[in-house]
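Data first, discussion second: the structure below is written as structure tokens.
The values are calculated or read from the model by the stated rules, or taken from the named source; none is laboratory data. It should be emphasised that the depicted structure is a prediction, and the values quoted were computed from it without experimental measurement. FYI the Cβ positions are ideal-geometry reconstructions off the backbone, even for glycines, and counts take in every protein chain you see.
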Amino acid sequence: MPGAAGTRLMRHSLPHAPQFYVTAPQPCPYLHGRAERKLFTALAGDSANELNNALSRQGFRRSQNVLYRPSCESCVACMSARIRVADFEPSRTQRRVARKNAHLRRLATSAWATEEQYDLFRSYLDARHADGGMADMDIFEFAAMIEETPVRTRVIEYRGNQGDKAGDAPSLDTDRLVAVCLTDVLDDGLSLVYSFYDPTLENLSLGTHIILDHIELARSSGLPFVYLGYWVPGSRKMDYKAKFAALEIYKGGVWQPIGDPAQHSSDIHPLSIDPIVEQVARISLPPSRR
């Protein structure tokens with residue numbers, strides 16, 4: 001990403017188009033022994049929403065004021081995933097999760113960070129991702145992650161009571177923050193940028209609840225998709241995404257039903273990876289404003 005250590009400033013662009021860069025290889029956080037590399041471009045200006053919409057449909061993801069897509073030298077394991085809202089039917093397990101969390105209250109706010117959110121974020125990282133790349137984020141970096149957005153973004157909070165922590169009777173603390181999702185509003189769906197939740201409430205399956213609730217939120221808003229980020233076959237961290245019905249993956253330049261997850265091999269011959277300049281040339285950009 002821009003400003004990150006090891007970023008290789010290789011510029012690739014089309015006439016009158018955003019400039020694209022590629023990062024230097026870094027250890028892959030999903031598949032042991034592999035290296036990741038990202039293709040990215042800045043997201044700013046009056047056309048930020050249009051660019052976010054266009055590139056999200058082509059497998060890109062947003063991080064603050066940057067759009068990026070994996071562009072590894074010898075692997076294409078990372079595939080953007082989204083749910084077709086109209087065709088989604090929850091599984092028996094997912095219906096049970098929805099019932100367990102029916103008491104939670106959803107609150108959609110502007111992209112503004114709070115100390116309460118940061119405290120929950122820290123608890124989540126310490127319990128679930130203590131050795132991850134975000135483990136050392138302080139409150140200022142957290143605020144930047146939430147607030148530095150040039151597009152339509154909402155913070156979706158979920159609040160409930162403490163009684164469900166141990167299966168007890170509900171308490172009077174009905175305003176306790178238990179989960180948060182940073183969500184972009186695209187012209188064709190909702191994009192879950194980053195979510196976190198109370199790690200002590202494991203019995204509530206809050207991560208699953210966040211996705212289920214976003215499906216309902218998208219349906220009520222007339223939006224056809226919920227974008228989940230990347231799915232990586234062979235990565236245990238990503239297995240949960242394949243459990244959602246009506247899931248599509250962006251593979252070979254097109255969206256397609258995931259089918260049998262086991263059929264998607266993450267192995268590929270290095271010579272079959274297209275050069276960066278060819279990848280950039282195939283990116284479809286929104287019409288320029290003049």
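Here are a few things to note about the model shown:
- Residue in the stretch 124-139 that is at pLDDT 95 or above, surrounded by 15 or more Cβ atoms within 10 Å (Cβ to Cβ) and assigned to a loop (DSSP other than H, G, I, E, B) present: no
Okay, residues lined up against (1) aromatic (Phe, Trp, Tyr); (2) surrounded by 15 or more Cβ atoms within 10 Å (Cβ to Cβ); (3) at negative phi; (4) in a loop (DSSP other than H, G, I, E, B):
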position: Thr41; (1), (2), (3), (4): no, yes, yes, no
position: Gly59; (1), (2), (3), (4): no, yes, no, yes
position: Arg82; (1), (2), (3), (4): no, yes, yes, no
position: Pro90; (1), (2), (3), (4): no, yes, yes, yes
position: Arg96; (1), (2), (3), (4): no, no, yes, no
position: Gln117; (1), (2), (3), (4): no, yes, yes, no
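- Each residue in the stretch 43-57 was checked for being among the aliphatic types (A, V, I, L, M) and part of a helix (DSSP H, G or I), and 4 of them qualify.
- Of all residues in the stretch 17-39 being touching a Gly at 6+ places or on another chain (Cβ under 8 Å) and surrounded by fewer than 18 Cβ atoms within 10 Å (Cβ to Cβ), the one that is farthest from Glu248 (Cα to Cα): Ala24
- Those residues of the stretch 204-222 which are of a type outside the set (Asp, Glu) and more than 16 Å from Leu177 (Cα to Cα), in sequence order: Thr208, Ile211, Leu212, His214, Ile215, Leu217, Ala218, Arg219, Ser220, Ser221, Gly222
- The stretch 233-251, subset of a type in the set (A, V, I, L, M, F, W, C) and more than 15 Å from Tyr30 (Cα to Cα), residue surrounded by the fewest Cβ atoms within 10 Å (Cβ to Cβ): Ala245
- If you go through the stretch 79-109 and pick out every residue that is over 18 Å from the mean Cα position of the chain (by Cα) and of a type in the set (Gly, Ala, Ser), you end up with 4.
- Qualifying residue in the stretch 32-39 (condition: hydrophobic (A, V, I, L, M, F, W, C), farther than 16 Å from Leu228 by Cα, modelled with pLDDT of 85 or more and not assigned by TED's automatic domain parsing to the domain that holds Ile156): yes
- Test: residue in the stretch 157-174 that is modelled with pLDDT of 95 or more, part of a helix (DSSP H, G or I) and within 21 Å of the chain's Cα centre (by Cα): no
- Cβ-Cβ distances below 9 Å connect the following pairs, each with a first residue in the stretch 93-110 that is more than 12 Å from Ser205 (Cα to Cα), a second residue that is part of a loop (DSSP other than H, G, I, E, B) and among the charged types (D, E, K, R), and a separation of six or more residues or different chains: Arg105/Asp175.
- Once the stretch 62-78 is narrowed to residues that are crowded, with 23+ Cβ neighbours inside 10 Å and part of a strand (DSSP E or B), the residue that is nearest to the chain's Cα centre (by Cα) is Arg62.
- Tally of residues being among the aliphatic types (A, V, I, L, M) and assigned to a strand (DSSP E or B) across the stretch 105-115: 2
- Any hit, the stretch 262-280, residues being within 30 Å of Pro18 (Cα to Cα) and modelled with pLDDT of 95 or more: no
- Being of a type in the set (Gly, Ala, Ser), out of contact with any Lys or Arg (no Cβ under 6 Å at 6 or more places or on another chain), more than 27 Å from Leu186 (Cα to Cα) and in the same structural domain as Arg176 (by TED's automatic domain parsing) is a property that Ser123 has.
- Residue count for the stretch 14-59 under the criterion of being of a type in the set (Val, Ile, Thr) and free of Cβ contacts under 8 Å to residues at least 40 places away in the same chain: the result is 2.
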